[in-house]
Amino acid sequence: MNISADIFDEDEGMSDYATFSHGLYIGGRWQPSSDGRVIEVIDPSTEAVIAAVPDATLADAALAVDAAAKAAAGWRETPPRRRSEILRRCFELMSERAETLAALTSLENGKALRDARGEVAYAAEFFRWNAEEAVRISGEFGLAPSGANRIVVDYQPIGICVLITPWNFPAAMATRKIAPALAAGCTVILKPASETPLTAYALAALYEEAGVPPGVVNVLTTSSPGPVTAAMLADPRVRKLSFTGSTGIGRVLLAEAAKHVISCSMELGGNAPFVVFDDADLEAALDGAMVAKMRNAGEACTAANRFYVQAGIHDAFADGLRKRMAALQVGPGTDSETECGPMITRKAVDKIDRLVQDAVARGAKVLCGGTILEGRGYFYPPTVLRDVPPDAVMTQEEIFGPVAPLLSFDSEAEVIAKANDTEYGLAAYIYTRDLARGMRVASKIESGMIALNRGLMSDPAAPFGGVKQSGLGREGGQKHGVAEFMEAKYIAVTI
Ligand code: NAP
C-alpha cells in the first residue's frame, strides 16, 4: 500500500499530518503491533497527545528482521547505478515535500520551524550525497610484497543493519544512517525515538514512493527498546548496529553487541567548548555563538556547552551574548516567529533547571533567563550565566538546552587544558583572527570535529563523529559514511 499521497496531500491541514498512524512499516506493509498496543506522541509546546504509533513487540521485531533478510539478496544485487537513482529520487521527494516534513518535525519535536527547515534540507542532502557515493565504491588491486600473488580487496555490504536514532533530529539522524547503508547495498531496520516517530514514518512512505523495494527499509517504534534491540542483535543475520544517542545507552548497546560480535558505529554525547580569543572578530564570534548554542534551542550533540572567553574580550562578549539571547522569541516551534521552541520533555526542563541552580549556588551570575517558564509546554528561556566556576556540574554534563555558561581564561595553554577536561570529544569551536593559532589549537583539542571561526560544522560531505566517550566511527564524508556499512574481502590470487 502506498500511503505517501495521503501523508503528503498538501491540501490537508497540519493536524492530518500529525495524527496519521498507519502502523509499523515492515516488508513494505503497514501493520499494527502484534499486541495492538500504542505509544502516544506528545506535542511539547502544549503537552497534548497528537498521535499514537504502534508499540512493537519482540514478535514484530523478528518480522522486521525476516523482511530485511528476505530483501537483502535483491538489494545487494541491484546495480549501484539503480541504487543511486533511487537514493537521488529520495532526495528529490524530500526536497519537494520539505515544508510538510519540516512542519511535522517541528510539531513532534518542538523545534522552531526555521530549525526544522534546516534539518530537513540537511537530512535530504544525505540522500543526494550517498546517491553520488553509491556509484563510486571501489576495491583495491596490488602485488603482494613477496611478488607471489596479487592482492584483490573487494568491498561488500556488511549485511542487515539495526539503526537506532534520537529525538533531537528526527529526520537527519535517520537519513544519515539509511542513505549510506542503502548505498552500500544493505537492508535496514530503523528504530526511531519514541518521542518523535512521526517524521520517521512519513519518510518511510516517501522511500517507498521513490522506489525502495519492500523490506529494504523497515521502521518500528517500541516502548521496550532494550529487549527489542537485544533480540534483533541476537539474530545471527544482523551484522551491524548504528546508534545515535546518549553515551550511557551507547555503552549498554556496545556490551549487548559484543555478545554477538556485531560491528558498531556510535554517535554519542558531547560537551563542546566554544573558545573566543581576544583577537577574535567580536560580531562574528557572537553570530557563531548564537548558531552553536541555539540551533535546535540547544538540543544538539554539537551544541556549545562551555564558553571559554579570553579576559580581554570577555565582558564585551558577555554583554553581546546577553542582548542577543534575551531578544529571542520563545514559543511553539510551529509558530513562524518562534526562535526558541520548547524542550522535548518536562524531564529535560527539570535537568536544565538543576544544572543552572547548581551553577548559581556555586557562584555563577545570571545575565538573562535562569528560571523555568510557567504554563503549559516544556519551555525554558534563553539563559546566559557568567563567572561559572570550573566545578559547576554543567561544565561536565550536556546541558541540552538554551543555556550559555561563560568562563574566563588567560592563556592558550590554559584554555586547551580546560577544553580537554571532559570525557567527551565530539565538537569544538574556536574564534581567532590568527589562523596559525587557530590551526594549532584545533590540532590540540581532543575532538572529532572543529569549527574554526564558524558556528556550524555539520555537512554530509564531511566526516561527522567523535573521539573519547563521544563515539566510534564516522557518518557522512568521502567514503567514511558508506565504509561503516561495508566489509573488506581480501582475495589472494596468482595470475
Ligand atoms: P537516548 O536516551 O540514548 O536514546 C536514543 C535512542 O536509543 C532512542 O531511540 C531510544 O529509544 C533508544 N534507546 C534507549 N534505551 C535503549 C536501550 N536500552 N536499547 C536500545 N535502544 C535504546 O538519547 P536521546 O535522549 O534520545 O538523545 C540525546 C542524546 O543523543 C544526547 O546525548 C546527544 O548528545 C546524543 N546525540 C548524539 C549525536 C551524534 O551525532 N553524536 C547526534 C544527536 C544526538 P526511546 O526513545 O524509545 O527511549
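Computed from the coordinates by the stated procedures, all read-outs in this text should not be read as laboratory data. Given the structure is predicted, the values throughout are model-derived calculations rather than measurements. With ideal geometry, Cβ positions are generated from the backbone for all residues, glycine too; neighbour counts draw on all protein chains shown.
Table for the structure above
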quantity	calculated
Links that overshoot a 26 Å alpha carbon limit, given the list Lys259/Lys418; Lys70/Lys240; Lys293/Lys444; Lys444/Lys489; Lys177/Lys468; Lys111/Lys259	Lys259/Lys418; Lys444/Lys489; Lys111/Lys259
Around Trp167: net Lys/Arg minus Asp/Glu count, Cβ-Cβ under 9 Å	-3
Within-10-Å neighbourhood charge of Tyr155 [Cβ basis; K, R +1; D, E -1]	-1
Furthest towards positive pole of dipole, Thr302, Thr46, Val162, structure part the chain, Cβ charges	Val162
Nearest-20 debye value, region 272-459 charge dipole, Cβ charges on Lys, Arg, Asp, Glu	260 debye
Helix 197-210 vs. the chain, principal-axis angle (Cα, 0 to 90°, nearest 10)	40 degrees
Nearest 10 degrees, 0 to 90: helix 172-184 Cα axis against the chain principal axis	30 degrees
Distance (nanometres) between label positions extended 7 Å along Cα→Cβ at Glu40 and Glu283	5.0 nm
Efficiency of FRET from Cβ geometry, Glu140 and Asp391, R₀ 56 Å, rounded to 0.05	0.65
Contact order normalised by residue count of the chain, Cα under 8 Å, 6+ apart, percent	18 percent
Unit charges at the beta carbon, dipole of the chain: most positive-side option, Ala68, Ala98, Leu367	Ala68
Amide H partners (placed H, <5 Å) of Val38, local residues excluded	Asp55
Calculated FRET efficiency for the pair Ala255/Ala326, C-beta based, R₀ 56 Å, to 0.05	0.80
Ranked Glu423, Glu108, criterion: other C-beta atoms within 10 Å, fewest first	Glu423, Glu108
Taking Val38, Val217, Val65 and counting other C-beta atoms within 10 Å, the order from fewest to most	Val38, Val65, Val217
Amide H contacts of Met486 (H built 1.01 Å from N, under 5 Å, at least 5 apart or other chain)	Ile158
Sequence ranges 146-159, 347-360, ranked by mean other-Cβ count within 10 angstrom, highest first	347-360, 146-159
Cα long-axis angle, helix 282-294 against the chain (0 to 90 degrees, to the nearest 10)	50 degrees
Sequence-separation-based contact order of region 272-459, relative, with Cα cut under 8 Å and 6+ spacing, percent	29 percent
Per-pair calculated FRET efficiency, R0 = 35 Å: Gln156 and Ala461 via Cβ, rounded to 0.05	0.90
Per-residue ³J(HN,Hα) for region 383-396, Karplus 6.51 cos²θ - 1.76 cosθ + 1.60, θ = phi - 60°, Hz, x for Gly and Pro	10, 10, 10, 10, 6, 6, x, x, 8, 4, 4, 5, 6, 10
Between region 34-59 and region 429-464, the Cα center-to-center distance that results, in Å	40 Å
Neighbourhood charge, 15 Å Cβ-Cβ cut-off, centred on Gly27 and excluding it, Lys, Arg +1 and Asp, Glu -1	0
Percent of Cα-Cα distances greater than 32 Å, calculated over the chain	42 percent
